[in-house]
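Participant: Encoded as structure tokens, here's the structure I'll be asking about.
The values are calculated or read from the model by the stated rules, or taken from the named source; none is laboratory data. If you're wondering where the values come from, they're calculated on a predicted model, not measured in any experiment. Here the Cβ positions follow ideal geometry from the backbone for every residue, glycine too, while neighbour counts run over all protein chains shown.
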Protein chains: 2
Amino acid sequence: MPISRRNFLARAGQAGGFSAAFLLMQSLGLIEAAELRPLDVAPGIGKGVSVAILGGGIAGLVAAYEMRELGYACTILEARSRSGGRNWTVRGGDTVEFIDGSRQLCSWDAGNYQNFGPARLPSVHTAILGYCRKLGVPLEVEVNTSRSTFLENDAANGGRPVVQRQVINDARGHVSELLAKCIRQGDLDQDLSPDDRTRMLDFLRHYGPLDAAGAYVGSDRAGYSKLPGAGNDVGVLNKPIDMHTLLDENFWGGILFEEAFDMQATMFQPVGGMDRIPYAFARALGQTVQYNAIVTAIRKSGNGVRIAYTHAGQARQLDADYCLCSLPLNLLRNIPNDFSAPYREVIAACEYAAAYKIAWESRRFWEQDYNIYGGLEYVSQGCNPVWLPSGGMFSERGVLVSGYGWGAFTDLPLDQKFAESRRTIERLHPGHGKELQKPMYVGWGLVPFNQGSWIQAFSSSERGLDAPPGPGYETMIQPDGPIYFIGDYASRLNAWQEGAALSAQRAVQLVSDRVRAQRA
Amino acid sequence: MPISRRNFLARAGQAGGFSAAFLLMQSLGLIEAAELRPLDVAPGIGKGVSVAILGGGIAGLVAAYEMRELGYACTILEARSRSGGRNWTVRGGDTVEFIDGSRQLCSWDAGNYQNFGPARLPSVHTAILGYCRKLGVPLEVEVNTSRSTFLENDAANGGRPVVQRQVINDARGHVSELLAKCIRQGDLDQDLSPDDRTRMLDFLRHYGPLDAAGAYVGSDRAGYSKLPGAGNDVGVLNKPIDMHTLLDENFWGGILFEEAFDMQATMFQPVGGMDRIPYAFARALGQTVQYNAIVTAIRKSGNGVRIAYTHAGQARQLDADYCLCSLPLNLLRNIPNDFSAPYREVIAACEYAAAYKIAWESRRFWEQDYNIYGGLEYVSQGCNPVWLPSGGMFSERGVLVSGYGWGAFTDLPLDQKFAESRRTIERLHPGHGKELQKPMYVGWGLVPFNQGSWIQAFSSSERGLDAPPGPGYETMIQPDGPIYFIGDYASRLNAWQEGAALSAQRAVQLVSDRVRAQRA
């Protein structure tokens, strides 16, 4: 896409054909809002323009928040009695109801909670963090990485769990020893200059670390079998885990997860639950959000849209100049609509994953008995990962996740799910499986108004962050007449709140560009 | 030390020679309190026994806290008007006074502070964390590791700073590529089985990560030059830094610091300042702590001790059955005493380091302009490290450290120190050096009642955690008659609060064992 939008607009404006040319370009999908952060929009541009926003998740909330600032008359139609969509925090007193009619009542202690949707805010996600700052949502560090968490591998160490600091540091030690050996043998003389060979050997001595003979013989980095203390209380280092054992696929996930770009420290979470974000938006938006409003039809009407919905059982309608639609595509296909053929095809074909989490309340045995504070644990067979809470550390009881995934597991009966989840904890922390109480299961495939978690084909976690988007993506990111599709799936940050926020900002930009062009 | 204390005591007790044998053994330094956590002491053992505790830092406070629980009559003599010793938090309104008569008044905003002494609580330091829990000191995560912090190296990248995620992940990528090449070339056929070679190549493909051809061509782990966004806002990965550049010693510290055992995530700090710990102890201890009490002589007297001190200019004395002495050895040598010759020799010879920190208040440009939240930054020439605050994140202003070290730098005039410190920030974050305001310098060599930070020869940071202790250690950890020396230096965790706490617990155990033996 070689055209610079700013240059194009300038030239088009000079030539007098600004408005028509712009509208043509945007309708052809040739005009992008890329690299326009913060929004490049004239104050008050939205005055006299009405917008129907379908869905009060992060995308809808961000869109309404930005558009109100610009003078647009916005209405969010939200099917639930709460804002947030998949950003859903469950606490004691809450009920989890599924579309199959099953119900779970949560009875955790006051202060305990689980974020069954998004639960992490990477520090590189500047849009959503920016809203937290603007809206005054208090944040705390989310511990995604702890060197004290456990890994269990049936094929290694007799199935007894090992500590992550040991797996990570012993693996690096062995790799360094082998490479140092090759360099000393002259195997890389063709590839490295004599100076670089010397520097590399020096580096590996620190990196491993290696002893003077170039061997990895363990290190305090890999931890102690007996901690050093006072007086003659000498520390005893862990013996290195041998390389053959570490070369098992079941350890790699635990070693490398923390290095994914959007999993790297520093990570955050709102104090008290992720829903502090949508609730802060909702407070700021006031009457803009209409709850219990279930969309029943999306029609094009004149130059705008007509949205049919029910509210408290009453049929209603909302006319607007534009529509920003954040409803899940898998539900959208069952709502009567006037979408053009290409959109209908993508919407009909797209498949949603159905991620789940299982959470339990327990005495914080991981803190009190193992000195583990937050972080992730893995087993070779079972409900991965175990995710320990970053909130309420040092208090008596907390809520951990034992199982966050998708796939066939969701088909098991609930009691088998819970049994498997408990067994996972028992593998990692023998004797503590029985401390788990009050399990809660949320499978997004069964959650009303979602029936899925994210579009698997678009998923960055499956395809790599820099992977090209899945089929249909190019269609969905362009407006269908007055209708703009927003949500995490319309971004390169699929399944992240940041993607939802950025896609909403982009739609605000595109609509505003269009309003400006029409007025020119 | 092949003797098991418990077995020995049991046998000695059976033989009727318990008391005498035990006292002999302890006086010979043959009896240890190793592995006795928690304390193995009968309730109320201290009733009728008096203890003079010299110094109200962490060691003295822990000793008094434990001994009071056991019924001992304790008095802490503390020279300052506050508890904590080197655990010292400076805030707006505080004055820093040095022994040379110079003064700095701190005028930072309310809520801002700097811990000029210890500033980290590793989650593996279970003793000090246990006291935080018992005393109700609220903790928060201390971010010791952030992948977003900067490293600057004059010899690399034209002196422009690079982001830590890139240095760490590119270094691993290059190492993995070279080792994979050697394995494919057959260089390790003698060392690895065919199966392990295959597994290692698979592992390196993930570890690097490497592409199908075995090359490291970058990765999202190393970050983006342009972040991915919504619509067609495609992310652009950073180009890998070449291996030659990374093989510079100035990068190693930044890469490896986080892996030291006592620097690994999860780390903590008290909310609001490290002095929340000693102040919580002091609240619990009440009148046990006598402030402004300057010790002037330490005498052995009968079976106990007689401590001379001044209080509000008045000469006083305190008689006690035992003395637990935590005064810095470099000051102790100037206080008249009855120590035996071996102790006097160690005390006369020991050398203290004089660590310093320089702290500035500033707009949080690192957060607001660079998305860096906590963590450490390094330059090749300048005031290392830069240490960004973990407290008060997302607020407007904060206090960072630019320079935490020891050595010749302490001899520079104050204005030159501050200029060098500011230059360091300017190297890492060009244009932001001028945002630094209200510098504060604390050099422990100049702090009254310390005149030093820690005993360099005992230091774990210099010698490795599992290194044997320095000369004199074996002497100082044994009682000199009724006098027990306590403090971080009397532990394998030199310069850590954990070491101070454990050495105090050990002394409580040793004294209690002795009391029990004497009564038997």
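Participant: Looking at B:Asp109 and the list (1) touching a residue at least 24 places away in the same chain (Cβ under 8 Å); (2) of a type in the set (Asp, Glu); (3) within 29 Å of B:Ala320 (Cβ to Cβ), which single condition is not satisfied?
Facilitator: (3)
A quick yes/no check of all residues on (1) out of contact with any Asp or Glu (no Cβ under 6 Å at 6 or more places or on another chain); (2) of a type in the set (Ser, Thr, Tyr); (3) closer than 20 Å to B:Arg80 by Cβ:
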{"residue": "B:Gly101", "(1), (2), (3)": "yes, no, yes"}
{"residue": "B:Cys106", "(1), (2), (3)": "no, no, yes"}
{"residue": "B:Gly111", "(1), (2), (3)": "yes, no, no"}
{"residue": "B:Phe116", "(1), (2), (3)": "yes, no, yes"}
{"residue": "B:Pro122", "(1), (2), (3)": "no, no, no"}
{"residue": "B:Ile128", "(1), (2), (3)": "no, no, no"}
{"residue": "B:Cys132", "(1), (2), (3)": "yes, no, no"}
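Participant: Working only within segment B:177-214, note down all residues that are of a type in the set (Gly, Ala, Ser) and within 41 Å of the chain's Cα centre (by Cα).
Facilitator: Step one: filter segment B:177-214 for residues of a type in the set (Gly, Ala, Ser), giving B:180, B:186, B:193, B:208, B:212-214.
Within segment B:177-214, B:Ala180, B:Gly208 meet the criteria.
Participant: Another question, if that's okay. Going through segment A:367-419 one residue at a time, which ones are within 19 Å of B:Glu140 (Cα to Cα) and of a type in the set (Val, Ile, Thr)?
Facilitator: A:Ile372, A:Val399
Participant: Still on this structure, I have one more. With among the basic types (Lys, Arg), out of contact with any Cys (no Cβ under 6 Å at 6 or more places or on another chain) and either in contact (Cβ under 8 Å) with a residue 24 or more places away in the chain or in a loop (DSSP other than H, G, I, E, B) (or both) as the only criterion, which of A:Arg172, A:Arg133 stands out?
Facilitator: It is A:Arg172.
Participant: Could you count how many residues in segment A:234-252 are assigned to a helix (DSSP H, G or I) and in contact with a helix residue (DSSP H, G or I) (Cβ under 9 Å, 6 or more places away or on another chain)?
Facilitator: Residues flagged as assigned to a helix (DSSP H, G or I) and in contact with a helix residue (DSSP H, G or I) (Cβ under 9 Å, 6 or more places away or on another chain) within segment A:234-252 amount to 7.
Participant: Can you spot a residue in segment B:178-200 that is touching a residue at least 24 places away in the same chain (Cβ under 8 Å) and in a loop (DSSP other than H, G, I, E, B)?
Facilitator: no
Participant: In addition: Being among the aliphatic types (A, V, I, L, M) and at the interface with chain A (Cβ under 9 Å from one of its Cβ atoms) is the filter here; which residues of segment B:180-223 pass it?
Facilitator: Correct list: B:Ile183, B:Leu188, B:Leu192, B:Met200, B:Leu204, B:Ala222.
Participant: For segment A:322-409, give me every one of the strands (runs of 3 or more DSSP E) that falls completely inside it and has 2 or more residues that are of a type in the set (Lys, Arg) and either touching a helix residue (DSSP H, G or I) at 6+ places or on another chain (Cβ under 9 Å) or over 30 Å from A:Gly223 (Cα atoms) (or both). It would help to see each step written out before you state the result.
Facilitator: Numbers: elements: A:322-325, A:356-363, A:375-379, A:386-388, A:397-405.
Correct list: A:356-363.
Participant: Give just the number: which of (1) under 30 Å from B:Glu249 (Cα atoms); (2) touching a helix residue (DSSP H, G or I) at 6+ places or on another chain (Cβ under 8 Å) does A:Thr149 not satisfy?
Facilitator: Exception for A:Thr149: condition (1).
Participant: Then there's this: In segment B:74-96, how many residues are in contact (Cβ under 8 Å) with a residue 60 or more places away in the chain and part of a strand (DSSP E or B)?
Facilitator: 9
Participant: Moving on. Tell me which residues, restricted to segment B:136-165, are in a helix (DSSP H, G or I) and either within 11 Å of chain A (Cβ to nearest Cβ) or touching a Lys or Arg at 6+ places or on another chain (Cβ under 8 Å) (or both).
Facilitator: Within segment B:136-165, B:Gly159, B:Gln164, B:Arg165 qualify.
Participant: From the list B:Ile45, B:Ile99, exactly one residue is over 28 Å from B:Glu474 (Cα atoms), in a loop (DSSP other than H, G, I, E, B) and either at pLDDT 95 or above or of a type in the set (Phe, Trp, Tyr) (or both). Which is it?
Facilitator: After applying the criteria, what remains is B:Ile99.
Participant: Related question: Does B:Arg221 satisfy being among the charged types (D, E, K, R), more than 29 Å from B:Val163 (Cβ to Cβ) and assigned to a helix (DSSP H, G or I)?
Facilitator: no
Participant: Within segment B:331-361, which residues are polar (S, T, N, Q) and in contact with a strand residue (DSSP E or B) (Cβ under 6 Å, 6 or more places away or on another chain)? Please lay out each step first, then the result.
Facilitator: We begin by selecting, within segment B:331-361, every residue polar (S, T, N, Q); these are B:334, B:337, B:340.
Residues satisfying the conditions are B:Asn337, B:Ser340.
Participant: Does at least one position in segment A:362-376 carry a residue that is within 14 Å of chain B (Cβ to nearest Cβ) and of a type in the set (Gly, Ala, Ser)?
Facilitator: Yes, some residue in segment A:362-376 is within 14 Å of chain B (Cβ to nearest Cβ) and of a type in the set (Gly, Ala, Ser).
Participant: Given the condition charged (D, E, K, R), more than 14 Å from chain A (Cβ to nearest Cβ) and surrounded by fewer than 21 Cβ atoms within 10 Å (Cβ to Cβ), answer yes or no: does some residue in segment B:386-396 qualify?
Facilitator: Scanning segment B:386-396, I find no residue that is charged (D, E, K, R), more than 14 Å from chain A (Cβ to nearest Cβ) and surrounded by fewer than 21 Cβ atoms within 10 Å (Cβ to Cβ), so the answer is no.
Participant: Looking only at residues in segment B:477-518 that are among the small types (Gly, Ala, Ser) and part of a loop (DSSP other than H, G, I, E, B), which one is nearest to the other protein chains (Cβ to nearest Cβ)?
Facilitator: Top of the filtered list is B:Gly487.
Participant: To continue, here is another question. Test of understanding: among A:Gly452, A:Gly431, which residue is assigned by TED's automatic domain parsing to the domain that holds A:Glu396, small (Gly, Ala, Ser), more than 20 Å from B:Val234 (Cβ to Cβ) and in a loop (DSSP other than H, G, I, E, B)?
Facilitator: A:Gly431
Participant: Which of the residues spanning segment B:261-298 are free of Cβ contacts under 8 Å to residues at least 60 places away in the same chain and in the same structural domain as B:Gly374 (by TED's automatic domain parsing)?
Facilitator: none
Participant: Keeping to segment A:464-494, report how many residues are crowded, with 24+ Cβ neighbours inside 10 Å and under 17 Å from the mean Cα position of the chain (by Cα).
Facilitator: Number satisfying all stated conditions: 9.
Participant: Filter segment A:298-321 down to residues that are touching a Gly at 6+ places or on another chain (Cβ under 7 Å), not in a loop (DSSP other than H, G, I, E, B) and not basic (Lys, Arg) and give me whichever is farthest from A:Val62 (Cα to Cα).
Facilitator: The selected residue is A:Asp319.
Participant: Report, by residue number, each residue of segment A:166-179 that is of a type in the set (A, V, I, L, M, F, W, C) and either more than 19 Å from A:Glu377 (Cα to Cα) or within 11 Å of another protein chain (Cβ to nearest Cβ) (or both).
Facilitator: The answer is A:Ile168, A:Ala171, A:Val175, A:Leu178, A:Leu179.
Participant: Before we move on, is A:Phe281 buried (at least 16 other Cβ atoms within 10 Å of the Cβ), not in a strand (DSSP E or B) and not aliphatic (A, V, I, L, M)?
Facilitator: yes
Participant: Now for a different question. Collect the residues in segment A:235-249 that are facing another protein chain (nearest Cβ under 7 Å) and surrounded by fewer than 16 Cβ atoms within 10 Å (Cβ to Cβ), keeping them in residue-number order.
Facilitator: A:His244
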